[in-house]
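A.B. asks: What follows is a structure written as structure tokens; I'll ask about it next.
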Amino acid sequence: MIAVEMISEQLEELRRAALAAFASSLSMEELEEVRVQALGRKGTLAQISKDFGKLAPGERAAVGKLLNSVKQDLESEYETKKHRFAESELAARLAGEWIDVTLPSSGVRPGSLHPVTQLQNEIEDLFTSLGFAVLYGPEVETEEHNFDALNIPPAHPARDMQDTFWLSDGHLLRTHTSPVQVRGMRLLGPPLRLIAPGRAFRNEEVDASHEHTFYQLEGMMVDRDVSVANLIYFMKTLLSGIFHREVTVRLRPGYFPFVEPGFELDIRCVICDGAGCPVCKQSGWVELLPCGLVHPNVLRLSGIDPEQWGGFAFGLGLTRLAMMRYGIDDIRHLQGGDLRFLNQF
């Protein structure tokens, strides 16, 4: 049989040691550790309670009363100390997070323009200083404006060069900003100078240098006696204004249904300085400015007599130009929405 005196001594020792440990606890973690050791399912009180059933029936009343007394004292002390810790923690939070609402606000956090927007604004300022109007048009276009009026009839193979997003009502997401040039010619008539910045869409596989959504800026000049020399002058003026330095370019023949003759103006990749990288597809050059003299059919379809008027047109990839300007090696960063990237600009 278990002696009553032994169990009583164990209970009193537990009360003394646990109360002292509760009193000396300096954090909620320490307090909880003492509680588990004393009052947990495998704690000291639980171990002593196992011997309670071994006592004689006449001895259980006194020991049971002592056991309950010890348990109540420890739980009471635990709750008291826990409450003090909670009050202390709340006071510290209030002191650290306190705000004087009578003070003036810190003001609106300044933001910044997207790098493509910054570049677009610069080019708009440059061309308006050269007498060009800035026109905008709808992103959901008709087939007639996006293809037919640009000398790209339904059976034309050039339609296969542009993977178009078609809508259920027969409209489409414009594949370039050239439809704005059509609208501008029909609205303003010759002579005219205009640029058309905006967003375009093509169903392309996304990689480091291609996106399904991108930004373009197209320009056009229609006047009498316009030649390739006029085109080259404005393109050089544009590039020197953008990069604020001389850049290496090359002009090579290119096919575009809405210009004749057509050219591809490439720029030496400023990411790798022509050594080859994912942006330039290891070629050292980036296609930047498709351009040429406006095809007579395009003028005619917009009500302009090609015998009296001529013009040049160009298309500039704003997204790729921003990559060249700021040294961005992956086009996906520009529409990724990562503020860590955007905050650099």
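A.B. asks: For the structure I just gave you, tell me whether Gly58 is surrounded by fewer than 10 Cβ atoms within 10 Å (Cβ to Cβ), part of a helix (DSSP H, G or I), modelled with pLDDT under 85 and outside the structural domain of Asp329 (by TED's automatic domain parsing).
C.D. replies: Considered against the rule, which asks whether it is surrounded by fewer than 10 Cβ atoms within 10 Å (Cβ to Cβ), part of a helix (DSSP H, G or I), modelled with pLDDT under 85 and outside the structural domain of Asp329 (by TED's automatic domain parsing), Gly58 comes out as yes.
Yes or no, residue by residue, for (1) at pLDDT below 80; (2) farther than 13 Å from Glu75 by Cα; (3) acidic (Asp, Glu); (4) in a helix (DSSP H, G or I):
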{"position": "Met6", "(1), (2), (3), (4)": "yes, yes, no, yes"}
{"position": "Leu19", "(1), (2), (3), (4)": "no, no, no, yes"}
{"position": "Phe22", "(1), (2), (3), (4)": "no, no, no, yes"}
{"position": "Leu31", "(1), (2), (3), (4)": "no, no, no, yes"}
{"position": "Arg35", "(1), (2), (3), (4)": "no, no, no, yes"}
{"position": "Arg41", "(1), (2), (3), (4)": "no, yes, no, no"}
{"position": "Ile48", "(1), (2), (3), (4)": "yes, yes, no, yes"}
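A.B. asks: Further question: Please verify whether Ala17 is of a type in the set (A, V, I, L, M, F, W, C), over 58 Å from the mean Cα position of the chain (by Cα) and closer than 30 Å to Glu89 by Cα, treating the condition exactly as stated.
C.D. replies: When the stated conditions are applied, Ala17 passes them.
A.B. asks: In this structure, does Ala322 turn out to be hydrophobic (A, V, I, L, M, F, W, C), touching a residue at least 12 places away in the same chain (Cβ under 8 Å), in contact with a Pro (Cβ under 6 Å, 6 or more places away or on another chain) and surrounded by 19 or more Cβ atoms within 10 Å (Cβ to Cβ)?
C.D. replies: Criteria met by Ala322.
A.B. asks: Quick check: is even one residue across segment 104-121 over 21 Å from the mean Cα position of the chain (by Cα), within 30 Å of Met221 (Cα to Cα) and either among the charged types (D, E, K, R) or part of a helix (DSSP H, G or I) (or both)?
C.D. replies: The answer is no, given that none of the residues of segment 104-121 is over 21 Å from the mean Cα position of the chain (by Cα), within 30 Å of Met221 (Cα to Cα) and either among the charged types (D, E, K, R) or part of a helix (DSSP H, G or I) (or both).
A.B. asks: Determine which single condition Gly189 fails, assuming it passes every other condition in (1) at negative phi; (2) out of contact with any Pro (no Cβ under 7 Å at 6 or more places or on another chain); (3) of a type in the set (Gly, Ala, Ser).
C.D. replies: All conditions pass for Gly189, except number (1).
A.B. asks: Let me ask another. So how many residues does segment 266-301 have that are part of a strand (DSSP E or B), out of contact with any helix residue (DSSP H, G or I) (no Cβ under 8 Å at 6 or more places or on another chain) and not charged (D, E, K, R)?
C.D. replies: Going through segment 266-301 one residue at a time, the tally reaches 3.
A.B. asks: Taking segment 200-255, which residues are among the polar types (S, T, N, Q) and more than 22 Å from Ser178 (Cβ to Cβ)?
C.D. replies: Ser240, Thr248
A.B. asks: Based on what the data block shows, is Leu150 in contact (Cβ under 8 Å) with a residue 12 or more places away in the chain, closer than 27 Å to Glu211 by Cβ and more than 32 Å from the chain's Cα centre (by Cα)?
C.D. replies: Answer is yes for this residue.
The values are calculated or read from the model by the stated rules, or taken from the named source; none is laboratory data. Source: prediction; values computed, not measured. Quick reminder, even Gly has a Cβ in these numbers, built from the backbone with ideal geometry, and neighbours come from all protein chains shown.
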